[in-house]
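The next block holds one structure in the form of structure tokens; read it before the comments.
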Amino acid sequence: MIYDNHNRPITYLRLAVTDRCNLRCFYCMPEEGIKYLPKHQVLTYEEMERVVRVLARLGVQKVRITGGEPFVRAGLMDFLHRLAATDGLTDISLTTNGVLTAPHIADLAALGIRSVNLSLDTLDRERFRKITRRDELPAVLKTLDGLLSAGIQTKINAVVMDGQNTQDLIPLSDLTRTLPVDVRFIEEMPFNGEGSHYPILNWTHKRIVDEIRTRFPDLQKLPDPPFSTSANYQIPGHQGTIGVIAAFSRTFCGTCNRIRLTAQGTLKTCLYDNGVLDVRALLRSGAADDELTAAFLQAFAHRPLNGFEAERHSMQTGGSVSESMSTIGG
Ligand code: SAM
Ligand code: SF4
């Protein structure tokens, strides 16, 4: 097991397999989309497999596949099959918008994919269309149904957006009444490809919980699992749980065990940093596994204490937090 300079173990990799997407969620990218990377700048599956192998030897046990939308990249399922055979990996999961996912659910279950995060910000078709700029709610609901029928642990990720979907907090929470889902509300972050929406965040994690309590006053706090980014709750008698992720307020940095590899092969040791290692350049310059290992260890030894420190450093070195989440992977 490898620990960073603040004594936090590094066990979890979020791997963005593409920056492309078939939706245009307004909190993630502008209506016209982002300028996609030319194909040769995106890591090949073989390069990703190699990075995962090296990181697994260093103690990474969990990989979450994300993007962009993972299912828009051809060959994803073959890649997952090969990834599942990596020594040392105990948990492969993925985050998807659910539009193209339903036909692959049986295969995902057969592969041993234990959990899927499904992004779903509203149950209202018109609001869904407005938020994602595409009319795809029926396809996403079909995926939700399929995941639950296949017995795959499903988390619903809902970004809480001022003036857009706060009326959905209660109906989404109410899904937990009859469905064994974990509904997780996420504070909106400024990673929308354009810069921050709001000078201050109106819908903080505290306000989200207060709003849910107006309808469900007996909402109970659950113990949070180690390294959890969400504060977890349950409504007594409900099958599922509710989580609130303080992604903007950054209350969870003290136990952060995660690193990110963007689609172009940049290592981020904090969501709010500007990229700390060009892994693609190393791979393509012929670096041996030992050299990759040394570069990763060096990066882990210089992790920022928290997202505020990372953001400050990023700003001072000419970076910004206006990048699209589609290139970072969430
Ligand atoms: N396309 C897939 C999806 O939407 O599930 C995977 C990639 S997406 C970038 C990963 C997660 O990031 C999604 O749950 C999405 O809601 C979240 N996300 C994107 N932009 C965000 C923002 N500005 N603030 C908070 N969460 C954001
Ligand atoms: Fe696409 Fe996911 Fe970004 Fe929405 S949040 S635009 S589905 S990458």
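The values are calculated or read from the model by the stated rules, or taken from the named source; none is laboratory data. Source: prediction; values computed, not measured. As a convention, Cβ positions derive from the backbone with ideal geometry for all residues, glycine included, and neighbour counts pool all protein chains shown. Only protein heavy atoms, including side chains, enter the accessible area calculation; ligands, DNA and RNA are left aside. Shrake-Rupley method; radii C 1.70, N 1.55, O 1.52, S 1.80 Å.
Observations, loosely collected:
- The stretch between Asn7 and Asp107, if pulled fully straight at 0.36 nm per residue, gains 32.2 nm over its current Cα-Cα span.
- Computed 3J(HN,Hα) for segment 71-78, one whole-Hz value per residue from the Karplus formula 6.51 cos²θ - 1.76 cosθ + 1.60 where θ = phi - 60°, is 6, 7, 8, 4, x, 4, 5, 4, glycine and proline marked x.
- Label-point separation, His313 to Glu32 (7 Å along Cα→Cβ), nm: 3.5
- Note on Thr214/Ala139: beta-carbon distance plugged into 1/(1 + (r/R0)^6) with R0 of 22 Å gives a FRET efficiency of 0.10.
- Across the chain, C-alpha contacts under 8 Å between residues 6 or more apart give a mean separation that, scaled by the residue count, equals a relative contact order of 22 percent.
- Partners for Lys221 among lysines (Cα-Cα distance below 29 Å; same-chain residues under 8 apart left out): Lys62, Lys155, Lys206
- Computed with every protein chain present, the accessible area of Ser285 is close to 90 Å² [probe 1.4 Å].
- Alpha-carbon centroids, segment 201-248 and segment 26-70: separation in whole Å: 29
- Each Lys and Arg adds +1 at its Cβ and each Asp and Glu adds -1 at its Cβ; summed about the Cα centre, segment 107-204 shows a dipole of about 200 debye.
- Considering helices alone, the calculated mean residue ellipticity of the chain at 222 nm is -8500 deg cm²/dmol, with DSSP H runs of length four and up weighted by -39500 (n - 2.57) and normalised per residue.
- Shown are Phe26, Phe308, Phe248, Phe191, whose ranking by accessible area with a 1.4 Å probe and every protein chain present, most to least, is Phe308, Phe248, Phe26, Phe191.
- Segment Asp78-Leu297, length gained on full extension (0.36 nm per residue, minus Cα span): 75.9 nm
- Here the extension length gained between His40 and Thr178 equals 45.1 nm, from 0.36 nm per residue of separation less the Cα-Cα distance.
- Cross-link partners for Lys39 among the lysines, with Cα-Cα distance under 25 Å and sequence neighbours closer than 8 places in the same chain left out: Lys268.
- All-pairs alpha carbon distance profile, segment 12-328, 10 Å steps from 0, percent: 6, 26, 37, 25, 6, 0
- Acute angle (nearest 10 degrees) that the helix 307-316 long axis makes with the longest principal axis of the chain, alpha-carbon atoms: 60
- In segment 175-262, one over the average inverse separation of all distinct C-alpha pairs is 14.4 Å, which is the Kirkwood hydrodynamic radius.
- Across segment 241-255, computed HN-Hα scalar couplings (Karplus, 6.51 cos²θ - 1.76 cosθ + 1.60, θ = phi - 60°) run 10, 10, x, 10, 10, 7, 5, 8, 6, 6, 8, 9, 4, x, 10 Hz from first to last residue, x flagging Gly and Pro.
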